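Report on the following structure.
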Amino acid sequence: MNVGASQRADAIVTLGDSITDGVQSTPDTNHRWPNVLAERLQARRNLDRLAVLDEGINGNRLLSEGNFAPNALKRFDRDVLAQAGVRYLIVLIGINDIGHSALRDGPAVTPADIINGYRQIIARAHEHYIPVYGATLTPMGGSRYDLPAAQVLRQAVNEWILSSSDFDAVIDFDLVTRDPSQPTRLLPQYDSGDHLHPNDAGYLAMGQAVPLRLFRENIDSGDR
């Protein structure tokens, strides 16, 4: 999905799964988090040149094949490098690899497997001088993925995203959306009801949490 800018000179690609695709948001209202980000960019005269290309696919995985599309590594060239004017990349993917591994209806994965997949994306983007911003995986407590093995794996992956220097910057969607009293779960006011996908309010919080300073070298201190 192409979220346009007034002058589409540069673009931000958001590479992800159903949470980037906006599953469980209100249909036909453009309440996905990439839409929120695009609206914020459009409101800034010095950033309205940027478009947001929403490359979220329902059910998508980082490493293995799901039912809907090639995994993120396989579709990277098509959905990132082949797009015109790509200057930035945000990556939010891996929760389906983790969930299906724990459910044992998909390939088993370890933190090292997920991290290696991220590193491949980072390396391929950097070859084309595209900075990559990694997003932490949002909570899944109470969902069908809520199994001990999945929770351990998600926590390990998020700790690596936050502590490593592999990504050019980190967007902490987990922190933004989690319930402080039950950190493995979404905040009730952000939960669409399936305990995995945010609702409109949750997607709004995610879109507002992306620091605008990531998209401009010399930015006013009021932008965030």
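The values are calculated or read from the model by the stated rules, or taken from the named source; none is laboratory data. These numbers come from a predicted model, not from an experiment. Cβ atoms come from the backbone with ideal geometry, glycine included; neighbour counts cover every protein chain shown. Remember, those area values only see protein heavy atoms, side chains included, never the ligands or the DNA or RNA. Shrake-Rupley method; radii C 1.70, N 1.55, O 1.52, S 1.80 Å.
Remarks
- Some residue of the range 63-73 being in a helix (DSSP H, G or I), modelled with pLDDT of 95 or more and touching a strand residue (DSSP E or B) at 6+ places or on another chain (Cβ under 7 Å): yes
- Across the range 128-180, the qualifying residues are those that are assigned to a helix (DSSP H, G or I) and among the aromatic types (Phe, Trp, Tyr), and the one among them that is farthest from residue 196 (Cα to Cα) is 160.
- Figure legend. Inter-residue proximity from the range 172-186: first residues under 15 Å from residue 146 (Cα atoms), second residues of a type in the set (Asp, Glu), beta-carbon distance below 6 Å, spacing 6+ or different chains. Indicated pairs: 185/179.
Okay, residues lined up against (1) farther than 26 Å from residue 127 by Cβ; (2) surrounded by 14 or more Cβ atoms within 10 Å (Cβ to Cβ):
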{"site": "66", "(1), (2)": "yes, yes"}
{"site": "69", "(1), (2)": "no, yes"}
{"site": "75", "(1), (2)": "no, yes"}
{"site": "79", "(1), (2)": "no, yes"}
{"site": "84", "(1), (2)": "no, no"}
{"site": "106", "(1), (2)": "yes, yes"}
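- Residue list for the range 188-209, filter: of a type in the set (Asp, Glu) and under 16 Å from residue 30 (Cα atoms): 200
- Only residues that are among the β-branched types (Val, Ile, Thr) and either under 28 Å from residue 118 (Cα atoms) or open to solvent by less than 10 Å² (accessible area, probe 1.4 Å) (or both) were counted in the range 16-34, giving 3.
- Hits in the range 141-190 - residues which are within 24 Å of residue 37 (Cβ to Cβ), among the charged types (D, E, K, R) and open to solvent by 30 Å² or more (accessible area, probe 1.4 Å): 166, 168, 172, 178
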